[in-house]
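One structure is given below, encoded as structure tokens.
The values are calculated or read from the model by the stated rules, or taken from the named source; none is laboratory data. For clarity, every value in this text was computed on a predicted model and none was experimentally measured. Here Cβ is always computed from backbone atoms with ideal geometry, including for glycine, and neighbour counts include all displayed protein chains. For the accessible areas, the whole protein counts, side chains as well, though only heavy atoms, and no ligand, DNA or RNA atoms are used. Shrake-Rupley method; radii C 1.70, N 1.55, O 1.52, S 1.80 Å.
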Amino acid sequence: MTDWTEGAAWVGGEIVPLVDAKIHVTDWGLTRSDITYDVAPVREGGFFRLDDYLDRFEASMAALRLDPGVTRAEMKSALHAIVARSGLRESYVSMTCARGRPLVAGSRDPRDCANHFYAWAVPFIHVVKPEVIARGARLWVAKNVRRIPEDSVNPRAKNYHWGDFTAGIFEANDAGYDNVVLLDHAGNVTEGPGFNVFAVKNGRVITSDHGVLHGITRRTVLEMCAEVGLNVETRPLPVDELLEADEVFLSSTGGGVMPVVEVAGRIFGNGAHGPEASRLAALYREWIRRPEWREEVAYAA
Ligand code: PLP
């Protein structure tokens, strides 16, 4: 019997179980991280803000001069089809465009490569586990690695250049922390592996405006702040300001709004979730149900 328990993938126009989804060992997506991707959430059986994720994915492909020869409508229908096939009502749905392999043997010219699209849907992935958030997530500020400069790798084109994040995760684990945030070379807060970072000070919400992916959840946070009348500042966020904040929280497709209780030894609100982070986390759970943002998946009966 076919095993769909790990999820479903779309590769080369076919829907296959995740375990059978493969790419070639010489694909430049693998050998050069010459690839872009995006991840949209399926919550309670429907996509949330799928068009916004597709807009960002298309912008990332354009920035990297990738063209998989698949229309947006075809990509969207592939995403719906793999989620329906997987049966997952809570899913992490990844769409990818890789440079591919050169059609001319031995070529080192990216124009010779056959770019290709593939996608997969797996059970929902939390960037910070809910039980960690419940007991109080502790964030480390990496000392031995900085975020790759934005004029070297454009963080707004979502990418697999995760060497800095992976080093940071090891450093955080060694220091006994749950996760990590990286600074830029000027000492400003950038982002973490899979999330944007926010500070709340005197009722103002501050998040970096540069050196970061413009997260769709970050955008939702900014829109929710406007709805509830919280002032927002998108600007460089020096690490000292993060450590002096009243509250800190993270945002990600993989979990929504996630309060943090400690950053590198500085404990906020006596270790309890902050009031604004809690309010925004609850509002996010409400927003993902709003019909205007949703596309329901047509699962087999
Ligand atoms: N920053 C990085 C590096 C990410 O990989 C992600 C998401 O995976 C985010 C931020 C958060 O973006 P989004 O809210 O679109 O998930």
To the nearest 20 debye, what charge dipole does the range 130-287 have about its Cα centre, counting +1 at the Cβ of each Lys and Arg and -1 at the Cβ of each Asp and Glu?
-> 180 debye
Rule-of-thumb Rg ratio for the chain [Cα; 2.2 N^0.38 Å; N residues] | 1.02
Where in the chain are the helices, taken as whole DSSP H runs, whose Cα atoms extend 15 angstrom or more along the long axis and whose Kyte-Doolittle mean reaches at least -0.5?
-> 50-63, 72-86, 163-174, 216-228
Do you know the Lys pair count in the chain for C-alpha distances under 23 Å, with sequence separation 8 or more or different chains?
-> 4
Using the charge dipole of the range 130-287 (Lys, Arg: +1 at Cβ; Asp, Glu: -1 at Cβ; taken about the Cα centre), state which of SER252, GLY187, ALA175 has its Cα farthest towards the positive end.
-> SER252
Between LYS129 and THR71, 0.36 nm times their residue separation minus their Cα-Cα distance comes to what?
-> 17.4 nm
How far apart, in nm, are the 7 Å Cα→Cβ label points at VAL104 and THR31?
-> 1.6 nm
GNM on the chain, Cα springs under 10 Å; top mean-square fluctuation among ASP246, ASP109, ASP164 goes to ASP109
Calculated from backbone phi, Karplus (6.51, -1.76, 1.60) coupling profile of the range 149-157 in Hz, x at Gly/Pro = x, 5, 8, 9, 10, 5, x, 7, 9
What is the antiparallel percent of DSSP beta bridges lying wholly in the chain, to the nearest 5?
-> 85 percent
Heavy-atom accessible surface of the range 240-301: percent carbon and sulfur, 1.4 Å = 53 percent
If you take the square roots of the eigenvalues of the alpha-carbon gyration tensor of the range 8-123 and sort them as a ≥ b ≥ c, do you get rounded (a/c under 1.5), prolate (a/b over b/c) or oblate?
-> prolate
Can you list which of the trypsin sites (Lys or Arg not before Pro) found in the range 95-133 are DSSP loop residues with at most 11 other C-beta atoms within 10 Å?
-> ARG108
Out of HIS273, HIS24, HIS161, a Gaussian network model of the chain with alpha-carbon springs under 10 Å gives the largest mean-square fluctuation to HIS24
For the chain, what is the charge dipole size about the Cα centre, in debye to the nearest 20, if Lys and Arg each add +1 at the Cβ and Asp and Glu each add -1 at the Cβ?
-> 160 debye
Nearest-5 percent of antiparallel DSSP beta bridges in the range 130-287?
-> 70 percent
Work out the length of the dipole vector of the range 48-203 about its Cα centre, built from +1 on the beta-carbon of each Lys and Arg and -1 on the beta-carbon of each Asp and Glu, and round it to the nearest 20 debye.
-> 160 debye
Other-chain or far-sequence residues with amide H under 5 Å of GLU191's (modelled H) = LEU182
Once phi is turned into ³J(HN,Hα) by the Karplus curve 6.51 cos²θ - 1.76 cosθ + 1.60 with θ = phi - 60°, what whole-Hz value does each residue of the range 90-98 show in order, with x for glycine and proline?
-> 10, 9, 9, 10, 9, 10, 9, 10, 9
Note to self: with every protein chain in place and a 1.4 Å probe, the chain gives an accessible area per residue in Å² of 45 Å²
Can you put ARG146, ARG218, ARG72, ARG43 in order of accessible area, largest first, using a 1.4 Å probe?
-> ARG146, ARG72, ARG43, ARG218
In terms of the Cα gyration tensor, with a ≥ b ≥ c the square roots of its eigenvalues, is the range 105-149 rounded because a/c is under 1.5, prolate because a/b exceeds b/c, or oblate?
-> oblate
